[in-house]
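Have a look at the structure that comes next, please.
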Amino acid sequence: MAEGVGRRSGEGRTAARSQVALVSTIGERCRVCYQCVRECPAKAIRIADHKAQVLPERCIGCGVCYQVCTQGAKRILSAVEAVDELLAGPAPVAAILAPSFPAEFIRVDYPHVVGTLRAMGFASVHEVAFGAELVARQYKRLVAQDSGRLWIATTCPAVVGYVRRYHPDLIGSLAPVVSPMIAIARLLRALHGDAIRVVFIGPCIAKKREAATHDLDGEVDEVLTFTELRQMIAARGIDIAAVEPSGFDPPHARDGALFPISGGMLQVAGIEEDLVTGHVMVGDGPAEFVQAIKEAETGIIETRLLELLFCPGCTMGPGMSSNLPHFGRRARVSQFVRQRIAEVDSTAWEAEHRRWAGLSLTRSYSPYDLRMPVPSPEELQRILGDLGKSDPRHELNCGACGYSSCRELASAIYVDLAEPTMCLPHSIETLRTTVRELAHSNEELASTQEALVRSEKLASMGQLAAGIAHEVNNPLGVVIMYAHFLMEQLGERPELREDLTMVVEQADRCKKIVSGLLNFARQNKVEHNLVDVGELVQKAMRSVPPPVNVVVEVENLMRNPMAELDADQITQVLVNFVTNAYAAMPDGGRLRVTARDDDGDRCSLTVADTGTGIPGEHLSRVFEPFFTTKRGGKGTGLGLAVTYGIVKMHRGELAVVSNADPAKGATGTSFTVSLPRRRPENANGHFVAATIPESAAAL
């Protein structure tokens, strides 16, 4: 979002830079680890489309997301091309070098660094440290003039940006003093006029945003990080150690180079941090600076000057490429300061300060309120419920999402900065549920595929059986007829009558087999009629008297016994089940037949016995034609195949549960038929897939 337009010749560049994201995401590299969300103090990272997007208007330019991203998925706005254009232009370009540069260039002395900048085409090279000294004196005067109020130092642009956006009530506490970068830029423009171009070189990304702020009027044309500077040096093939050494252009600085060290500004200004009075406090690092701002807003802090740096000193800025550790960098800066104090003539230095004592170092700040709206308690509770946290005990506050608490995440979701999928525990539980549902779907699909194969097999075998049955039935009838005729003609000849009796018995057996084949192969439609299911069960049981050692129990649990069924076919189904149950209990047992309501649209019939059971390896084959567990000559294996076809033509479902292992509990088998109460509009007599669980659980 634009923050204004400059008035100098560079105002077009200033306006454009104020609208561009300082940090952007390289989408293909982002792994959505939420590390940048977790570390960003401004919560300027929005998770959308499974990518971490930096919101330019919320970003304060601290660069912490760039530093913590292990995938290299963050890109800093580059000024290399713009600086190349300035250096190629007709106007002189001045380089103003941040005092943290000794921590970046650790293998060469400062004259080689300055010489390198001149070799690149910069007309002059100046120390921002002198601007720091001017600013330090301004702070000393400010504190002395108004000792009854809190001032927040404005040397760090990330701190200023944070206060403007997220604590605008503290705008009046921002010290009306420019940063050292702006101070030295104003000095140079006072010396050389507006024709000069100024390029700041330092460790800070937020300086890019500061240079583009409208109230600074385009005083700094471009900002390079040390990393970008090294890119330009490498592109030109310059060897820093081999360039001709050179000194800084005046005015020269002495102890102003201490500014990049935490508390350095106070030492340069001669302001002591008195731990007894607490009139001056220093804080650095993301956690300290955020906490200090919050406490300042609540009025807890009773101090006159609060010096805050977002980084643990500017030497640790995101624009550094040095691999030197923190205290090693501080040591390099301290060493450079000692060298400058020894080199720079104190009398000339004081003269320069008197010369520039009247330079305007003030600025104003306007609020840029981006505080997030707070959801109502009802809306917050709704979002928490969507995250599976309807109970406060479910709020783990694990921080895996990048937010410190579940409620903070819910608030971010409310303003479209976050997604529910960022909640890792909730996502894991959702994934588990999905896996379970997928596994169940796979089981159903496998069962359906198996049933479809069985149906296709039944259809093919039915056609074959029909053809065989019709061809065999006619000659078989002739055999039976002539066998009976011969028996009538034989009279009292028992030796022949016994043989003919055997022929008749076996021919009758063949006739029953052929009849079973025809029943199995038939393709007739279901004749739906409104029947009383309870009466149908009683009728079926009367047609199959039980053995003397079998106890039969019939339970009618139906509140509504009426259903549209084919009574004859369903009776055949029950008879087949009951007949098989009797055969499975040669030593006696108990048979229970139950009719019940499944729901308003379905009813079910269950035939359960306490017989020998069906072995698990045979359970999936019980509805196949010609498969039987009975001894040879005791069954054709067509009964359950016919039953399967009848139930499927009714658009019903079949389930069988059996246990044949006494070690697992009581043995026995239970067949359950679930049928729709009403005639299906698409009932056409075709077979459909059945659900036949392969279970060997005890009854």
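Kindly establish whether ASN529 is at pLDDT below 95, farther than 30 Å from ASN473 by Cα and either in the same structural domain as THR667 (by TED's automatic domain parsing) or surrounded by fewer than 19 Cβ atoms within 10 Å (Cβ to Cβ) (or both).
Numbers: at pLDDT below 95: yes; farther than 30 Å from ASN473 by Cα: yes; either in the same structural domain as THR667 (by TED's automatic domain parsing) or surrounded by fewer than 19 Cβ atoms within 10 Å (Cβ to Cβ) (or both): yes.
When the stated conditions are applied, ASN529 passes them.
Go through the range 649-664 residue by residue and tally those that are part of a helix (DSSP H, G or I) and modelled with pLDDT of 90 or more. Working first, answer last.
Of all residues in the range 649-664, those part of a helix (DSSP H, G or I) come to 649, 662-664.
Now drop any that are not modelled with pLDDT of 90 or more, which leaves 662-664.
Matching residues across the range 649-664 total 3.
Matching residues to (1) in a helix (DSSP H, G or I); (2) closer than 30 Å to ILE106 by Cα; (3) among the β-branched types (Val, Ile, Thr); (4) touching a strand residue (DSSP E or B) at 6+ places or on another chain (Cβ under 7 Å):
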site: PRO312; (1), (2), (3), (4): no, yes, no, yes
site: ASN323; (1), (2), (3), (4): no, yes, no, no
site: GLY328; (1), (2), (3), (4): yes, yes, no, no
site: GLU350; (1), (2), (3), (4): yes, yes, no, no
site: PRO375; (1), (2), (3), (4): no, no, no, no
site: LEU380; (1), (2), (3), (4): yes, no, no, no
site: ILE383; (1), (2), (3), (4): yes, no, yes, no
site: ASN397; (1), (2), (3), (4): no, no, no, no
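Would you mind stating whether ILE96 is under 31 Å from the mean Cα position of the chain (by Cα), surrounded by 16 or more Cβ atoms within 10 Å (Cβ to Cβ) and of a type in the set (Val, Ile, Thr)?
Values: under 31 Å from the mean Cα position of the chain (by Cα): no; surrounded by 16 or more Cβ atoms within 10 Å (Cβ to Cβ): yes; of a type in the set (Val, Ile, Thr): yes.
Criteria not met by ILE96.
Next up: Within the range 197-222, how many residues turn out to be modelled with pLDDT under 95, more than 27 Å from LYS140 (Cβ to Cβ) and more than 43 Å from the chain's Cα centre (by Cα)?
Number of matching residues: 0.
Among PHE101, PHE122, PHE130, PHE105, which is among the aromatic types (Phe, Trp, Tyr), crowded, with 24+ Cβ neighbours inside 10 Å, within 43 Å of the chain's Cα centre (by Cα) and assigned by TED's automatic domain parsing to the domain that holds ALA241? Spell out how you get there, then give the answer.
Values: PHE122 fails: within 43 Å of the chain's Cα centre (by Cα); PHE130 fails: within 43 Å of the chain's Cα centre (by Cα); PHE105 fails: crowded, with 24+ Cβ neighbours inside 10 Å.
Residue meeting the stated conditions: PHE101.
Within the range 583-595, identify whether any single residue is surrounded by 15 or more Cβ atoms within 10 Å (Cβ to Cβ), of a type in the set (A, V, I, L, M, F, W, C), under 24 Å from SER658 (Cβ atoms) and free of Cβ contacts under 8 Å to residues at least 40 places away in the same chain, and answer yes or no. Before you say what the answer is, go through the steps one by one.
Initial filter on the range 583-595 (surrounded by 15 or more Cβ atoms within 10 Å (Cβ to Cβ)): 583-585, 589-595.
Next, only the ones that are of a type in the set (A, V, I, L, M, F, W, C) stay: 583-585, 591, 593, 595.
Okay, now just the ones that are also under 24 Å from SER658 (Cβ atoms), so 583-585, 591, 593, 595.
Right, trim to free of Cβ contacts under 8 Å to residues at least 40 places away in the same chain and you get 585.
Checked against the condition, which is being surrounded by 15 or more Cβ atoms within 10 Å (Cβ to Cβ), of a type in the set (A, V, I, L, M, F, W, C), under 24 Å from SER658 (Cβ atoms) and free of Cβ contacts under 8 Å to residues at least 40 places away in the same chain, the range 583-595 yields at least one hit.
I'd like to verify a number: residues in the range 265-292 that are within 19 Å of VAL143 (Cβ to Cβ) and touching a residue at least 12 places away in the same chain (Cβ under 8 Å), how many? Working first, answer last.
To start, the set of residues in the range 265-292 that are within 19 Å of VAL143 (Cβ to Cβ) comprises 265-283, 292.
Still in the running and touching a residue at least 12 places away in the same chain (Cβ under 8 Å): 265-271, 278-283, 292.
Of the residues in that region, 14 qualify.
Residues that are in contact with a Cys (Cβ under 8 Å, 6 or more places away or on another chain), within 23 Å of HIS167 (Cβ to Cβ) and aliphatic (A, V, I, L, M): does the range 406-418 have at least one? Walk me through it before giving the result.
Of the residues in the range 406-418, the ones in contact with a Cys (Cβ under 8 Å, 6 or more places away or on another chain) are 406, 409, 418.
If we keep only those that are within 23 Å of HIS167 (Cβ to Cβ) too, we end up with 409, 418.
With the extra rule that they be aliphatic (A, V, I, L, M), the set shrinks to 409, 418.
Yes, that holds for at least one residue.
Within the bounds of the range 634-648, is there any residue that is at pLDDT 70 or above and either assigned to a loop (DSSP other than H, G, I, E, B) or not assigned by TED's automatic domain parsing to the domain that holds ASP568 (or both)? Write out each step before concluding.
Of the range 634-648, the ones at pLDDT 70 or above are 640-648.
Now restrict to residues that are either assigned to a loop (DSSP other than H, G, I, E, B) or not assigned by TED's automatic domain parsing to the domain that holds ASP568 (or both): none.
Within the range 634-648 (the criterion being at pLDDT 70 or above and either assigned to a loop (DSSP other than H, G, I, E, B) or not assigned by TED's automatic domain parsing to the domain that holds ASP568 (or both)), the answer is no, since none of the residues qualifies.
Taking the range 176-196 on its own, how many of its residues are in contact with a helix residue (DSSP H, G or I) (Cβ under 9 Å, 6 or more places away or on another chain) and either surrounded by 24 or more Cβ atoms within 10 Å (Cβ to Cβ) or without any contact (Cβ under 8 Å) to a residue 40 or more places away in the chain (or both)?
Residues flagged as in contact with a helix residue (DSSP H, G or I) (Cβ under 9 Å, 6 or more places away or on another chain) and either surrounded by 24 or more Cβ atoms within 10 Å (Cβ to Cβ) or without any contact (Cβ under 8 Å) to a residue 40 or more places away in the chain (or both) within the range 176-196 amount to 8.
Next question. Run ALA342 past the list (1) at pLDDT 90 or above; (2) surrounded by 11 or more Cβ atoms within 10 Å (Cβ to Cβ); (3) out of contact with any helix residue (DSSP H, G or I) (no Cβ under 7 Å at 6 or more places or on another chain) and report the number of the one that doesn't hold.
Condition (2) is where ALA342 drops out.
In the range 270-289, is there at least one residue being of a type in the set (A, V, I, L, M, F, W, C) and closer than 29 Å to ARG75 by Cα? Spell out how you get there, then give the answer.
Filtering the range 270-289 down to residues of a type in the set (A, V, I, L, M, F, W, C) leaves 271, 275-276, 280-282, 287, 289.
So of that shortlist, the ones also closer than 29 Å to ARG75 by Cα come out as 287, 289.
Checked against the condition, which is being of a type in the set (A, V, I, L, M, F, W, C) and closer than 29 Å to ARG75 by Cα, the range 270-289 yields at least one hit.
Still on this structure: Just to verify a result, which residue in the range 65-89, among those that are in contact with a Lys or Arg (Cβ under 8 Å, 6 or more places away or on another chain) and over 14 Å from ARG31 (Cβ atoms), is surrounded by the fewest Cβ atoms within 10 Å (Cβ to Cβ)?
In this case the residue turns out to be GLY89.
Can you say whether CYS406 is in contact with a Leu (Cβ under 8 Å, 6 or more places away or on another chain), free of Cβ contacts under 8 Å to residues at least 24 places away in the same chain and either crowded, with 16+ Cβ neighbours inside 10 Å or within 26 Å of GLU39 (Cα to Cα) (or both), as far as the supplied structure shows?
Answer is yes for this residue.
Just to check your reading of the model, which residue among ARG164, ARG149 is closer than 22 Å to CYS314 by Cβ and in contact (Cβ under 8 Å) with a residue 60 or more places away in the chain? Give the steps one after another, and end with the answer.
On the way: ARG149 fails: closer than 22 Å to CYS314 by Cβ.
Being closer than 22 Å to CYS314 by Cβ and in contact (Cβ under 8 Å) with a residue 60 or more places away in the chain holds for just one of ARG164, ARG149, which is ARG164.
Within the range 533-575, can you find the residues that are in contact with a strand residue (DSSP E or B) (Cβ under 9 Å, 6 or more places away or on another chain), of a type outside the set (A, V, I, L, M, F, W, C) and part of a helix (DSSP H, G or I)?
If we filter the range 533-575 for residues that are in contact with a strand residue (DSSP E or B) (Cβ under 9 Å, 6 or more places away or on another chain), which is where we start, we get 533-534, 536-538, 540-541, 546, 549-567, 570, 573-574.
Subset that is of a type outside the set (A, V, I, L, M, F, W, C): 534, 538, 546, 549, 553, 555-556, 559-561, 564, 566.
Those that are in contact with a strand residue (DSSP E or B) (Cβ under 9 Å, 6 or more places away or on another chain), of a type outside the set (A, V, I, L, M, F, W, C) and part of a helix (DSSP H, G or I): GLY534, GLN538.
The values are calculated or read from the model by the stated rules, or taken from the named source; none is laboratory data. Note that the structure is a prediction, hence the values are computed from the model and not measured. Quick reminder, even Gly has a Cβ in these numbers, built from the backbone with ideal geometry, and neighbours come from all protein chains shown.
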